[in-house]
1. What does the helix-only formula give at 222 nm for the chain: each DSSP H stretch with n ≥ 4 adding -39500 (n - 2.57), the total divided by the residues, and the result rounded to the nearest 500 deg cm²/dmol?
2. Rank these by accessible area, largest first, 1.4 Å probe: 108, 65.
3. Could you please put 311, 251 in sequence from largest to smallest accessible area, using a 1.4 Å probe?
4. Report, to one decimal in Å, the Kirkwood hydrodynamic radius for the chain based on all distinct Cα pairs.
5. Largest first, please: the extent of the C-alpha atoms of segment 154-209 along each principal axis, to the nearest Å.
6. Going Cα to Cα from residue 160, which aspartates and glutamates come in below 14 Å? Please leave out same-chain ones fewer than 8 positions away.
7. When the accessible area of segment 188-235 is computed with all protein chains present and a 1.4 Å probe, what percentage of it is carbon and sulfur?
8. Over the heavy atoms of residue 316, what accessible area does a 1.4 Å probe trace out, to the nearest 10 Å²?
Amino acid sequence: MKTILISHNFSEISFSSMSYSLAHHLADLGHKVIFISHKPYFSKNLTIKKTEGSIIIYSWPTEKRPTTLKDFFWFSKLYLQYKPDIVIGHFVGSNISVSMSKLLSLGRVNTYVYYHTLSKQLLLDEKKTSLKQKVKFIRKKIFYKFFCDIIVCPSELAKKDLKLFHNVDKAIVLLNPMIDRFENKKNIENDFIIISYLGRLDNSKGVVDLIKAYLLYKKEFRHSKIILKIAGTGAQENEIKELSKNNSSIEYFGGISYDKIDDYLNECHFSIIPSKFDAFNVVGVESLMNQTPLLISNEVGLADYLTDGKECFKFDPNIDSMVSLFSRVENNIDYQVSMGFDARKTFLKKFSISTYCNKFSDVLL
């Protein structure tokens, strides 16, 4: 039996579900899992007992971001109490959990850190490289080199980005999974062709160019049946509102709660991901899960695991390519239903929780 520490969110919501499910999978195999949950927050530790293994859940003393000395001392005490064999870190929680584990174990603990976001995506959204950003990159290089045994990337694109920006070769690729919430596919009226976007409204996501391309297409093909729906919030929200106003063919919803995501993705003909750079894109997997085919940028890591013309149409993240994409969609709408079935099959084959847990536990153990 091993003791495994995971620092993430103990939640079934979105891609947090992969750590939630992995914890249960490892405990079912008889291991002790120490889970530090950022969200939801646990004011008292909770123990989930299995037949042989168990999950013991804690939360950081700092609810917002675990970056204080208090968090360092608290984790040190926790580490010395359990002395885990393996530590898995996600996002900001990985900084303390991984670095302190390496130091306190004198390098003996095995550490795994996730590389969720492309460095070139961060730079694009920052718009300019500041001194603070340069310091962050240097700090990350040191962290990856001296404290991390394995960097887990959600795609080959992320693995290449890691090598390019941080010169790190110790990476493996594990596709992000999703808990299957699908019940049935809703009937969609064919009077219109609904294309929906869901996600952040930041520069790297390409939504402004998407709307500009759509407006150009509608100007040339006034009787087009395509309707564009946009849901999300972010730095470009006001610009997107301005581009969308006075146009009945573009619906902007703002942010939507997570319990409405499945309905939103289920009730469209295609879900679109126009990102200029994206390590993976979880919304894409949620679309496949909901039997909704994708329109996906070639610069999204998820695109490498899909087949153009089967469960998706691929395009380059620029205005001309997106104008051509709208034409392709309109001319091939008769294939939308069969593409939806293929989308669902691809989800079950490549992005299921069981596939992820089995692959990761093979790596860990």
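The values are calculated or read from the model by the stated rules, or taken from the named source; none is laboratory data. In this text the structure is predicted, and so the values were computed from the model without any measurement. Cβ placement follows ideal geometry from the backbone for every residue including glycine, while neighbour counts extend to all protein chains displayed. Note: areas computed on protein heavy atoms with side chains; ligands, DNA, RNA excluded. Shrake-Rupley method; radii C 1.70, N 1.55, O 1.52, S 1.80 Å.
1. Numbers: 13 runs with 150 residues, N = 365.
-12500 deg cm²/dmol, from helical runs alone.
2. 108, 65
3. On the way: 311 5, 251 70 Å².
Accessible-area ranking of 311, 251, largest first: 251, 311.
4. Working: mean 1/r = 0.0460 Å⁻¹.
Roughly 21.7 Å, rounded to one decimal.
5. Extents along the principal axes: 51, 31, 15 Å.
6. 169, 278, 299, 304
7. Details: 1130 of 2200 Å².
Exposed carbon and sulfur together represent 51 percent of the surface.
8. Here the residue's solvent-accessible area equals roughly 80 Å².
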